[in-house]
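The values are calculated or read from the model by the stated rules, or taken from the named source; none is laboratory data. Quick caveat, the model's predicted, so the values are computed rather than measured. Cβ coordinates were reconstructed from backbone atoms using ideal geometry, including for glycine residues, and neighbour counts include every protein chain displayed. Just the protein is used for accessible areas: all its heavy atoms, side chains included, with ligands, DNA and RNA removed. Shrake-Rupley method; radii C 1.70, N 1.55, O 1.52, S 1.80 Å.
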Amino acid sequence: MGLRIRTYAGVNEVQPVAAQEVTSVFMTKDQATKIDQLFREVAEKGLSRREMIKRAGVMGISAYALTFAFVQKSHEAVAQGEENPLGVDPAAPLDVVVFKGGYGDDYAINVNDNLYGAMYPDAEITYIGTQRLMEQFQARVVDGNPPDVMDNSGAGNFSNAQLYRDGQLADLEDLMAAPAHGQEGVTFADSLAAGTQDEGQYDGKQYVLSFAMSMWGVWYNAAKFEEKGWEYPQTWDDMLALCQTIKDDGEMAPWTYQGMYPQYMRIIWDQLLFKSGGFEALHRINNLMEDAWTQPKVKECLDAFQALADNGYIMEGTEGLSHTEAQTFWLQGEAAFLPCGTFLENEMKDVVASVPDFQLTVQPVPSLNADDALPFTATQAGAGETFIVFAQGKNVQGGKEWLRLLFSQEGARFFSEATKSPTVVTGASEGLDLGSAFASAQAAIDASGENRLLSRYAGLYPDLNEAANKAFSDLLTGNKSADDIITELQELTDKLREDDAISKIEVPLYPIWHSQSEAGNATPVASPAG
């Protein structure tokens, strides 16, 4: 038994084939055996066409034999290319792992049962919906036995940047060029909203795909605000003034947050800095610059944030709450404001069902003041819920095909209906009425225009992520001052920048969708550690 190679748009795909199938008057059995070996190397090492031809010469495979091996099966490639453009082995097992967090995993089970399972009924799918992925799957990745495809999201996930540096991520360029499932004449890449996949590119190629079009903002109950005559504040001074009004009213605390996971508040602070200092302010942190944390805007925004704690505007006991506990207290009317992403409604759907009059609404973080570089509508809105295919998976092409089906209009519409959250798939949620949370998030995303946040430092540098999250916990509990945090985070940033063992990923000043983005600077560039 050897391997069959199929070629679509210049991409080599290899599948099992009996050695006698490639023997003919053009080759001896020895030549056929060598071609089997060559095709196996192509499959295992991902050789390009040029590398394959060069390797064939080294192995003594004649040009006639190699040409015949291609031509003999070319008619199958044409026929299969329409329905199976990625050359998936229809009987090969598939190993799928999905982060079962705020979005649940009904959408993934839908792909398993009704899309991939329907197209490839002979393929056995091993499926796990779980959390804290790195703890569970690190050993398998190190041993060279990873899952085929993974939703690498949530607390305790892998660093995509580090996986890329380690050569663990499969190149998704063939998927990007493949036809979008269910859309005639549209490529997979063109079926996705412009700019949503930029952060998943390294060295000019796609390695990571983001699925959910999410917004991180400040949530409140619009019905309660209308009842009380409160208006959502557009500046931080107005936020503090409203917090005092809410505190004096006595019915609820002004704020709560997911105390055990302080990154929820760090992300809100990122946006405060983004608005105040513009793209340049976060650009300096993203790229580990010498004044990343000592730039004046950082201190201004930290002081503004600390005022929530100093004035007693945070619900008592918040620092000890899990994400679902804090969100439950908020839905029960114990606090007015909550930081979260657009997965909130689905994550808390059981509690939401118990408070039918609660009108979930999200807004951008207030501006620091009238002198901000960017308008109030600027926000952290972009693609999240990142999916990867492992380069050492046993069914790499099957993993890519699973993503092609998930990212189809059919797969994405199911997701939006199940989670009440938009996706990156163009047209997938058209005509859906999914309530106030969905509507307010979509309105904020639309209003942000090109002023969408590009905060990357936490995802690129795990040590900085951990330190920043702890720092914001300390700030909001009064354990450390803004000056303490600035000193600590700048020292760590300097250490990371000077450590040659840590490869750096350059983040552009503007995202590719921005009018001031430079074409040559639109893609993060990584240098794998040597």
Q. What's the angle, to the nearest 10 degrees (0 to 90), between helix 133-142's Cα axis and the longest principal axis of the chain?
A. 30
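Multiplying the sequence separation of D190 and K299 by 0.36 nm and subtracting their Cα-Cα distance, what value in nm do you get?
On the way: separation 109, 0.36 × 109 = 39.24 nm, distance 4.18 nm.
Contour length minus Cα-Cα distance gives 35.1 nm.
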Q.
Contact order normalised by length for region 367-520, with contacts defined as Cα pairs under 8 Å and 6 or more residues apart; what percent is it?
A. 20
Q: DSSP loop (so not H, G, I, E, B), at most 15 other Cβ within 10 Å: list which GluC sites (Glu not before Pro) in region 428-510 pass both filters.
A: E430, E450
**Q.** region 243-370: proportion of alpha-carbon pairs further apart than 22 angstrom, %
**A.** 42
Q: Give the cross-link partners of K504 among the aspartates and glutamates, using a straight C-alpha distance below 14 Å as the criterion and excluding same-chain residues fewer than 8 apart.
A: D166, D203, D463, D494
Q. Distance in nm between label sites at A370 and T235, each 7 Å beyond Cα in the beta-carbon direction?
A. 0.6
Q.
From zero outward in steps of 20 Å, how is the percent of C-alpha pairs of the chain spread across the bins?
A. 21, 51, 23, 6, 0
Q) Between the helical axis of 296-310 and the dominant principal axis of the chain, each derived from Cα atoms, what acute angle in degrees is found, rounded to the nearest 10? A) 60
**Q.** Signed unit charges on C-beta, dipole axis of the chain, positive-most listed residue S159, G278, V352
**A.** S159
Q) Hey, rough spin-label estimate for D143 and T487, points 7 angstrom out along Cα→Cβ, what's it come to in nanometres? A) 4.7
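If you roll a 1.4 angstrom probe over the protein chains with everything in place, what fraction of the accessible area of the chain belongs to carbon and sulfur, to the nearest %?
On the way: 10680 of 21990 Å².
Whole-percent figure for carbon plus sulfur exposure: 49.
Mind putting a number on the dipole of the chain about its Cα centre? Charges go on the C-beta only, +1 for Lys and Arg and -1 for Asp and Glu, and I need it in Debye to the nearest 20. Mind showing how you got there, number by number?
On the way: 37 positive and 76 negative charges, 390 e Å.
The calculation lands at about 1880 debye.
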Q: List the aspartates and glutamates whose Cα lies under 20 Å from the Cα of K349, skipping any in the same chain that are fewer than 8 positions away.
A: D105, D106, E325, E334, D357, E385, E417, D433
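Given just the C-alpha atoms of region 413-464, how large is their convex hull per residue in cubic angstrom? All intermediate terms of the calculation are to be shown ahead of the outcome.
Details: hull volume 6.4 nm³, N = 52.
Normalising the Cα hull of region 413-464 by residue number yields 123 Å³.
In the chain, what percentage of the DSSP-assigned beta bridges are antiparallel, given to the nearest 5?
On the way: 34 of 48 bridges.
Around 70 percent antiparallel, to the nearest 5.
Which value in deg cm²/dmol, rounded to the nearest 500, describes the helix-derived mean residue ellipticity at 222 nm for the chain, given -39,500 (n - 2.57) per DSSP H run of n ≥ 4 and division by the residue count? Don't jump to the answer; show the numbers that get you there.
Details: 21 runs with 222 residues, N = 530.
Only helices count here, giving -12500 deg cm²/dmol.
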**Q.** For the chain, with +1 on Lys and Arg beta carbons and -1 on Asp and Glu, the positive-most of Y207, M315, G57 along the dipole
**A.** G57
**Q.** Amide H within-cut-off set for T423, under 5 Å, with H built and near neighbours excluded
**A.** M213
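Which of the GluC sites (Glu not before Pro) found in region 294-403 are in a DSSP loop and have at most 12 neighbouring Cβ atoms, other than their own, within 10 Å? Intermediate values should be presented prior to the final figure.
Details: sites: E300, E316, E319, E325, E334, E345, E347, E385, E401; in loops: E316, E334.
The qualifying sites are E316.
Ratio of region 285-342's C-alpha Rg to 2.2 N^0.38 Å, to two decimals?
Working: Rg = 15.3 Å, N = 58, 2.2 N^0.38 = 10.3 Å.
That ratio works out to 1.49.
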(Q) Explain nothing, just the number: dipole magnitude of region 298-391 about its Cα centre with +1 on each Lys and Arg Cβ and -1 on each Asp and Glu Cβ, in debye rounded to the nearest 20. (A) 220
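Hey, got the dipole for region 461-510? About the Cα centre, +1 on K and R Cβ, -1 on D and E Cβ, debye to the nearest 20? Before the final figure, lay out the partial values.
Numbers: 5 positive and 12 negative charges, 38 e Å.
Charge dipole of region 461-510: 180 debye, to the nearest 20.
I'd like to check one number: the per residue accessible area of the chain, probe 1.4 Å, reported in Å² as a whole number. Let's see the in-between values first.
Numbers: 21990 Å² over 530 residues.
Per residue, the chain has 41 Å² of solvent-accessible surface.
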